[in-house]
């Protein structure tokens, strides 16, 4: 992969730095997921930026806070369109590497009940080398990792701990990056999929993961979440919404969680803040278009006060 010169953040005033994967999503709405050798006709098609950390950065910005994204985008059409989306949402782009390897592309098939299937392609695009980004002048209020850029994430997590900067891991699934980071962060926020891959059930995973990270949250979609902080533990139900597409709900949750942490909200308010964002994302087709703005988010939070 062709890697440009080291990226340096020109503005150090950042609430949340999101580090990891950026892709471009092609979202097809279908009446069912295809069977073997079956040809389907989609009811609609939309294109938008995607990726866990990338979506989280946009979520932070839409909530009115200052976000930056660190990761890779190609010089191809999808990379150009995603870069422009970041700029439109006022996400700081100083730490984005551009190169000739392809921008990862995801094809998402969404059914009427909101469930999805996803295929990702990234060709020969490799994780960025550990010296590709200069974080030395950066002092964000919090840092969110998705594990997809392990070479730059691991030393940054160590640096953040030395500087007293809270760190969060979006543990969506088990892979090298999430396994390496889950013992290095302050907040391990895992999906139900990750939990089941680790220990079979969310409840068993919560106990196991709480031995590795100071605070653990496991999100379970419409079934809410469970958490443990030291000796304290609890659960929270999901907000009731009319879900039509679950794509990006976890990304929204993580972005809002990081934003709430940066804003120094109380623990229960952090969980509610993040849960509201995740739930609202399910009410629209596509991850990026479904990310709620501050007005919609506050309206949902206020409706259950």
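Could you grab me the full set of residues in segment 103-122 that are surrounded by 13 or more Cβ atoms within 10 Å (Cβ to Cβ) and either farther than 27 Å from residue 62 by Cα or free of Cβ contacts under 8 Å to residues at least 40 places away in the same chain (or both)? 122, the sole residue that qualifies.
Only a single criterion out of (1) at pLDDT 95 or above; (2) at positive phi; (3) crowded, with 20+ Cβ neighbours inside 10 Å is not satisfied by residue 224, namely (3).
Restricting the first member to segment 5-24 and to residues that are at positive phi, and the second to residues that are at pLDDT 95 or above and not in a loop (DSSP other than H, G, I, E, B), the beta-carbon pairs closer than 7 Å and six or more apart or on different chains are 20/52; 20/53; 20/71; 20/145. Scan 276, 190 and give me the residue that is crowded, with 16+ Cβ neighbours inside 10 Å, at pLDDT 95 or above and over 15 Å from residue 145 (Cβ atoms). Sole residue among the options that is crowded, with 16+ Cβ neighbours inside 10 Å, at pLDDT 95 or above and over 15 Å from residue 145 (Cβ atoms): 276. You will find that of 132, 153, 136, the residue that is closer than 18 Å to residue 67 by Cα, touching a strand residue (DSSP E or B) at 6+ places or on another chain (Cβ under 9 Å) and at pLDDT below 90 is 136 and no other. Within segment 286-299, the only residue that satisfies the criterion of being in contact with a strand residue (DSSP E or B) (Cβ under 7 Å, 6 or more places away or on another chain) and surrounded by fewer than 22 Cβ atoms within 10 Å (Cβ to Cβ) is 289.
All of (1) touching a strand residue (DSSP E or B) at 6+ places or on another chain (Cβ under 9 Å); (2) under 30 Å from residue 28 (Cβ atoms) hold for residue 124 with one exception: (1). State yes or no: is residue 208 without any contact (Cβ under 8 Å) to a residue 24 or more places away in the chain and in contact with a helix residue (DSSP H, G or I) (Cβ under 9 Å, 6 or more places away or on another chain)? Answer is yes for this residue.
For segment 156-176, the candidate set comprises residues that are under 24 Å from residue 249 (Cα atoms) and surrounded by fewer than 24 Cβ atoms within 10 Å (Cβ to Cβ); within that set, the residue that is modelled with the highest pLDDT is 166. State yes or no: is residue 145 at pLDDT below 95 and touching a helix residue (DSSP H, G or I) at 6+ places or on another chain (Cβ under 8 Å)? So residue 145 does not fit the description; no. Out of 139, 163, one residue alone is in contact with a helix residue (DSSP H, G or I) (Cβ under 8 Å, 6 or more places away or on another chain) and either under 23 Å from residue 260 (Cβ atoms) or free of Cβ contacts under 8 Å to residues at least 12 places away in the same chain (or both). It is 139. Determine whether segment 229-249 contains at least one residue that is under 19 Å from residue 167 (Cβ atoms), in contact with a helix residue (DSSP H, G or I) (Cβ under 7 Å, 6 or more places away or on another chain) and either crowded, with 16+ Cβ neighbours inside 10 Å or touching a residue at least 40 places away in the same chain (Cβ under 8 Å) (or both). Checked segment 229-249: no residue is under 19 Å from residue 167 (Cβ atoms), in contact with a helix residue (DSSP H, G or I) (Cβ under 7 Å, 6 or more places away or on another chain) and either crowded, with 16+ Cβ neighbours inside 10 Å or touching a residue at least 40 places away in the same chain (Cβ under 8 Å) (or both).
Tell me, yes or no, whether segment 190-205 has at least one residue that is free of Cβ contacts under 8 Å to residues at least 40 places away in the same chain and more than 26 Å from residue 246 (Cβ to Cβ). Checked segment 190-205: no residue is free of Cβ contacts under 8 Å to residues at least 40 places away in the same chain and more than 26 Å from residue 246 (Cβ to Cβ).
If you go through segment 61-102 and keep only what is touching a residue at least 40 places away in the same chain (Cβ under 8 Å) and part of a loop (DSSP other than H, G, I, E, B), you end up with 63, 64, 65, 66, 94, 95, 100, 101. Selection of segment 194-213 for residues being under 22 Å from residue 20 (Cα atoms) and surrounded by fewer than 16 Cβ atoms within 10 Å (Cβ to Cβ) yields only 212.
The values are calculated or read from the model by the stated rules, or taken from the named source; none is laboratory data. Here the structure is a predicted model, which is why all the values come from computation and not from measurement. Methodologically, a virtual Cβ is constructed for each residue, glycine included, from the backbone with ideal geometry; neighbour enumeration extends over all protein chains shown.
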